[in-house]
Protein chains: 2
Amino acid sequence: MPRTEIKTLGEFGLIRRLTDGLTNRQPSTLVGVGDDAAVLNYAATGDADLRTLVTTDLLLEGVHFNLEYVPLRHLGYKACVVNFSDIYAMNGTPTQITVGLGISSRFSVEDLDELYAGIRLACERYNVDLVGGDTCASMNGLTIAITCLGTAKADEIVRRNGAKVNDLICVTGNLGTAYMGLQLLERERIVHRDKQMSGDTIPAFEGREYLLERQLKPEARWDVIEALRKAGIRPTAMQDVSDGLSSELLHICSQSKVGCAVYEDKLPIDYQAAALAEEMNLNIVTCALNGGEDYELLFTCDLDDYEKLVPLDDVYIIGHITKPDFGTILVGRNGEELPIRAQGWNAF
Amino acid sequence: MPRTEIKTLGEFGLIRRLTDGLTNRQPSTLVGVGDDAAVLNYAATGDADLRTLVTTDLLLEGVHFNLEYVPLRHLGYKACVVNFSDIYAMNGTPTQITVGLGISSRFSVEDLDELYAGIRLACERYNVDLVGGDTCASMNGLTIAITCLGTAKADEIVRRNGAKVNDLICVTGNLGTAYMGLQLLERERIVHRDKQMSGDTIPAFEGREYLLERQLKPEARWDVIEALRKAGIRPTAMQDVSDGLSSELLHICSQSKVGCAVYEDKLPIDYQAAALAEEMNLNIVTCALNGGEDYELLFTCDLDDYEKLVPLDDVYIIGHITKPDFGTILVGRNGEELPIRAQGWNAF
């Protein structure tokens, strides 16, 4: 691939190239990139009950991603999707993003084309407009700061604080898989480094593509949001699983002032993820509880919704909400009760 | 000052501490920090003509600021104000911000308290709500990503593309002063480093506090926006001066498809800035044209507004808009015509 230095385009030339031909899909986008601020019209729908949602995520090289094995196109895609996921977790629809980029001279114009190709693809697939940004030089590596705006009807917004005693606790998809994808990439990175000396450099990913996909190119669960709406189910509390199930459960329980019982044998685990965990001597349940980056939805809903819930694809009931004095409990396979603890990041 | 390591609080403890006691001032803020996304209601005013504005800025250590001489409290304040400035430059009012922070273990909890004290002060003074954010570890230094939302009536928004031939070109305040403040800080940093060996470590800032203030703690020109409104002047094009007058003039001219003539002897220059430039053998006009970080407003308005414009405090007419084939010209003190060129950043 040719390598064009960013300095040959300059700041404004680079911005022109990256934003060239951007089209706006949302009727609420009046003015996109190119002025001091974008101009949006949420009143365009004529719906006075429409609320605006805003969420932001920072992705830093060396902390959130390693460019030794994360392709820039995937990174751009993922950086968008993790923001969309937050908007869906409010039961809303993402509509616009702004993109802040800090880039060092290590990156070429072609690298940024790749990153933006991923950003554009995510916007296209999720029907979101890229309306603004800030592109600047960085001393150290790549910084991506995305803010996502979205909308939701006032009476459809689902927060973290609405879970009630006896509500069902549900998650979508499976848990811990993105984490196992990361373990696989890390292992192969080290093996690959050693193998390079012997000339045999093809990583052993065969049959494990799904783990990689979950780590490198996650999707946000708009399909579940739509299915819940069609089924007439309104979650009482909801959030996306970005830091791992444990800490997300604790958020919902503390904000809703309730406890919970979650059953180990109900946690949805992917077969490939479990097999790799065994091979690597990891406890897959711990990975599912604390792994993070699943971008699945965790939600609670009324017990009366049980019949409507069961037929839904890829939605799993993993426990129920309890009185607060019960605590936040994981019930093991043999009936033993373990307190759920949050990890969050501990990079310091 | 005591030093508390961030790891003693953990991610969630740190976020609780930083966002403790935040109050929302804007009627449009329904839900602030603490959920997947903030919830805003721009329909709250009942004004169907209200538009939403969004802008974003990334500030990176080593590129945008040097913590050897920038106090964290000032940095937090400035990081907010530069975003507010973009919203005012659309003739709007800032209403909410989100704050993304990347922090390395070099920073203590007390450091972040200071940074947040500045952010909170800016929000208080400008009547803006802090509604969300993302706080994460960083490998290298401090990253601040702020996105600002604001509102404006549809028919009051001023973009960059509305300048017409014969319009007056105006700027507020003075130009190049923030840049001279930076030069002063840089010079003293080096002198200070040498003096430390001899034990004499008081920097020579006396009488030059204004230069430092312009660099370290700029304000956004809401006062001018208000004065223009009261005077019944609607600018035809406007933007804030963040990269230097030259590149901002070129933005307005290229987006409005016009040329301009700006007069060197009309550029508002601060006396202290000029004196320091002379002392440091710098051309103050070059600093005014390309220095950046002034956060003043550059706007054009109809020639018919001349009488209303003249009485306004701190607003200076520096030239006029011309036909595009005239080019973008700086007219020197002796009548010589020089083409205006953009610098932008060139950190690569």
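The values are calculated or read from the model by the stated rules, or taken from the named source; none is laboratory data. Remember, predicted model here, so these are calculated numbers, not experimental data. Positions of Cβ are generated from backbone atoms using ideal geometry, with glycine treated the same way; all protein chains shown enter the neighbour counts. Surface accessibility is based on the protein's heavy atoms, side chains included, excluding ligands, DNA and RNA. Shrake-Rupley method; radii C 1.70, N 1.55, O 1.52, S 1.80 Å.
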query: Looking at the range A:45-60, is at least one residue surrounded by fewer than 24 Cβ atoms within 10 Å (Cβ to Cβ) and in contact with a Pro (Cβ under 8 Å, 6 or more places away or on another chain)?
result: yes
message: Pairs needed: first member in the range B:109-122, closer than 14 Å to B:Val70 by Cα; second member anywhere, of a type outside the set (A, V, I, L, M, F, W, C) and open to solvent by less than 10 Å² (accessible area, probe 1.4 Å); C-beta distance under 8 Å; at least 6 residues apart or different chains.
response: B:Glu114/B:Gly76; B:Leu115/B:Gly76; B:Gly118/B:Gly76; B:Gly118/B:Tyr77
query: Restricting the search to the range B:137-167, which residues are assigned to a strand (DSSP E or B) and either open to solvent by 30 Å² or more (accessible area, probe 1.4 Å) or within 15 Å of B:Glu61 (Cβ to Cβ) (or both)?
result: B:Ala137, B:Thr143, B:Ile144, B:Ala145, B:Ile146, B:Lys153
message: Any residue at all in the range B:15-34 that's over 19 Å from B:Gly150 (Cα atoms), over 28 Å from the mean Cα position of the chain (by Cα) and more than 9 Å from chain A (Cβ to nearest Cβ)?
response: yes
- prompt: Is at least one residue of the range B:67-84 out of contact with any His (no Cβ under 9 Å at 6 or more places or on another chain), facing another protein chain (nearest Cβ under 7 Å) and hydroxyl-bearing (Ser, Thr, Tyr)?
  reply: no
message: On the basis of being at pLDDT below 95, charged (D, E, K, R), surrounded by fewer than 24 Cβ atoms within 10 Å (Cβ to Cβ) and in a strand (DSSP E or B), does B:Asp134 make the cut?
response: yes
- request: Answer with yes or no whether A:Ala227 is within 14 Å of chain B (Cβ to nearest Cβ) and under 27 Å from A:Ile119 (Cα atoms).
  value: no
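Out of the range A:168-179, which residues are more than 20 Å from A:Glu61 (Cα to Cα) and either of a type in the set (A, V, I, L, M) or modelled with pLDDT under 95 (or both)?
The initial filter retains those residues of the range A:168-179 that are more than 20 Å from A:Glu61 (Cα to Cα), namely A:168-177.
Scanning the range A:168-179 gives A:Leu168, A:Ile169, A:Val171, A:Leu175.
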query: Residues in the range A:87-107 that are farther than 22 Å from A:Gly32 by Cα, buried (at least 24 other Cβ atoms within 10 Å of the Cβ) and facing another protein chain (nearest Cβ under 8 Å): how many?
result: 2
query: From A:Arg120, A:Arg25, which residue is open to solvent by 50 Å² or more (accessible area, probe 1.4 Å) and modelled with pLDDT under 95?
result: A:Arg25
query: When both residues are 6+ apart or on different chains and their Cβ atoms are under 9 Å apart, which pairs have a first residue that lies in the range B:138-154 and is in contact (Cβ under 8 Å) with a residue 60 or more places away in the chain and closer than 16 Å to B:Gly118 by Cβ, and a second that is of a type in the set (Lys, Arg) and open to solvent by 20 Å² or more (accessible area, probe 1.4 Å)?
result: B:Leu142/B:Arg106
- prompt: With respect to the numbered conditions (1) touching a residue at least 24 places away in the same chain (Cβ under 8 Å); (2) within 22 Å of B:Gly100 (Cβ to Cβ), which one is the sole condition not fulfilled by A:Asp36?
  reply: (1)
- request: Could you check A:Thr172 against (1) closer than 18 Å to A:Val70 by Cβ; (2) of a type outside the set (Gly, Ala, Ser); (3) open to solvent by less than 10 Å² (accessible area, probe 1.4 Å) and say which number it fails?
  value: (1)
field: Verdict on A:Tyr42 being open to solvent by 10 Å² or more (accessible area, probe 1.4 Å) and within 11 Å of chain B (Cβ to nearest Cβ)
entry: yes
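Here is a check on your reading of the model: is A:Thr322 at pLDDT 95 or above, more than 25 Å from A:Phe84 (Cβ to Cβ) and among the hydroxyl-bearing types (Ser, Thr, Tyr)? Can you show your working first?
Working: at pLDDT 95 or above: yes; more than 25 Å from A:Phe84 (Cβ to Cβ): yes; among the hydroxyl-bearing types (Ser, Thr, Tyr): yes.
It is true that A:Thr322 is at pLDDT 95 or above, more than 25 Å from A:Phe84 (Cβ to Cβ) and among the hydroxyl-bearing types (Ser, Thr, Tyr).
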query: Pick from the range A:1-20 the residues that are in a loop (DSSP other than H, G, I, E, B), touching a helix residue (DSSP H, G or I) at 6+ places or on another chain (Cβ under 9 Å) and open to solvent by 50 Å² or more (accessible area, probe 1.4 Å): which of them is modelled with the highest pLDDT?
result: A:Arg3
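Before we move on, is A:Asp194 modelled with pLDDT under 95, surrounded by fewer than 23 Cβ atoms within 10 Å (Cβ to Cβ) and in a loop (DSSP other than H, G, I, E, B)? Explain how you work it out, then say what you get.
Working: modelled with pLDDT under 95: yes; surrounded by fewer than 23 Cβ atoms within 10 Å (Cβ to Cβ): yes; in a loop (DSSP other than H, G, I, E, B): no.
Answer is no for this residue.
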- request: Report whether or not B:Leu289 is crowded, with 19+ Cβ neighbours inside 10 Å and either in contact with a helix residue (DSSP H, G or I) (Cβ under 9 Å, 6 or more places away or on another chain) or modelled with pLDDT of 95 or more (or both).
  value: yes
